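Asks: Below is one structure. I have some questions about it.
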Amino acid sequence: MDEPVRSRIAPVPSGPSAEDLLVRVAKGDERAFEQLYDKLAGPVLGLVRRVVRDGAQSEEVAQEVLVELWKTATRYSPDKGSALNWALTLAHRRAVDRVRSARASTDREQKATFEAARNRPFDEVAEAVTSRWERSQVRKCLSNLTELQRESVLLAYYQGYTYREVAEVLSTPQGTIKTRLRDGLIRLRDCLGVTA
């Protein structure tokens, strides 16, 4: 009988290690970088996704990390650790920087929005139009009062006279002035559509 069949499938050669590839990349070997990219892109993207949590941003950060590997490959020293750990350290730092940057940007935008809302000057044009319209309405409603009511209201509310002073100016009893003012104000309120 035959010996037990172990595996008749030959192991797939894994190719050069990431460390060897990184050393070759440091010498400008583009083919080595393609192979290194294929080995490290998945783990780098996975780590970045766990930190950044936004798919598009994660892909962008992972791409930045891999470009940084190409540019800084000469700094890699196999004595200090594996190429994967070095790449993941770069990826983690870059991902944390992105999160901090996004958070700071959001904080700045919120602060700017708050400041703008707090310090927003009123709309001068709208204010002027509203004020002009209100004055026009008040004039129209004043013209609907009797002459005696209008005279009493103008003295009391536009010239600042007290009841007693209005009564003296018009040589009329105070009670009568109070009645004219009350009746005049009721008519103004109704004309202007003011609800109490």
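The values are calculated or read from the model by the stated rules, or taken from the named source; none is laboratory data. Remember, it's a predicted structure, so these values are computed and weren't measured experimentally. Don't worry about glycine lacking a Cβ; one is built from the backbone with ideal geometry, like all the others, and counts go over all protein chains shown. These area figures cover heavy atoms from the full protein model, side chains too; ligands, DNA and RNA do not enter into them. Shrake-Rupley method; radii C 1.70, N 1.55, O 1.52, S 1.80 Å.
Asks: Determine whether residue 179 is over 30 Å from residue 68 (Cβ atoms) and open to solvent by 100 Å² or more (accessible area, probe 1.4 Å).
Replies: For residue 179, the condition - over 30 Å from residue 68 (Cβ atoms) and open to solvent by 100 Å² or more (accessible area, probe 1.4 Å) - is not met.
Asks: Would you pick out the residues in segment 92-114 that are of a type in the set (A, V, I, L, M) and within 17 Å of the chain's Cα centre (by Cα)?
Replies: If the condition is that a residue be of a type in the set (A, V, I, L, M) and within 17 Å of the chain's Cα centre (by Cα), then 99, 102, 104, 112 are the ones that fit.
Asks: Separate question: If you check residue 71 against the conditions, is it open to solvent by 90 Å² or more (accessible area, probe 1.4 Å), more than 26 Å from the chain's Cα centre (by Cα) and within 30 Å of residue 17 (Cα to Cα)?
Replies: The answer is yes for residue 71.
Asks: When you look at residue 14, is it open to solvent by 90 Å² or more (accessible area, probe 1.4 Å) and either assigned to a loop (DSSP other than H, G, I, E, B) or modelled with pLDDT under 95 (or both), yes or no? Reasoning before the result, please.
Replies: Details: open to solvent by 90 Å² or more (accessible area, probe 1.4 Å): yes; either assigned to a loop (DSSP other than H, G, I, E, B) or modelled with pLDDT under 95 (or both): yes.
When the stated conditions are applied, residue 14 passes them.
Asks: Would you tally the residues in segment 29-59 being surrounded by 14 or more Cβ atoms within 10 Å (Cβ to Cβ) and either in contact with a Ser or Thr (Cβ under 6 Å, 6 or more places away or on another chain) or acidic (Asp, Glu) (or both)?
Replies: So the answer is 6.
Asks: Here's something else I'd like to know. Considering segment 134-145 alone, what residues qualify as being open to solvent by 60 Å² or more (accessible area, probe 1.4 Å) and without any contact (Cβ under 8 Å) to a residue 24 or more places away in the chain?
Replies: Answer for segment 134-145, where residues must be open to solvent by 60 Å² or more (accessible area, probe 1.4 Å) and without any contact (Cβ under 8 Å) to a residue 24 or more places away in the chain: 134, 135, 139, 143.
Asks: Could you check segment 164-175 and list, in sequence order, the residues that are surrounded by fewer than 15 Cβ atoms within 10 Å (Cβ to Cβ) and either hydroxyl-bearing (Ser, Thr, Tyr) or at positive phi (or both)?
Replies: 171
Asks: Going by the structure shown, is residue 100 within 28 Å of residue 16 (Cβ to Cβ) and of a type in the set (D, E, K, R)?
Replies: On the way: within 28 Å of residue 16 (Cβ to Cβ): no; of a type in the set (D, E, K, R): yes.
Considered against the rule, which asks whether it is within 28 Å of residue 16 (Cβ to Cβ) and of a type in the set (D, E, K, R), residue 100 comes out as no.
Asks: Need a quick list: helices (runs of 4 or more DSSP H) entirely within segment 77-196 having at least 3 residues that are of a type in the set (Gly, Ala, Ser) and closer than 30 Å to residue 43 by Cβ.
Replies: 83-118
Asks: Checking residue 81 against (1) open to solvent by 70 Å² or more (accessible area, probe 1.4 Å); (2) at positive phi, only one condition comes out false. Which one?
Replies: Failing condition for residue 81: (1).
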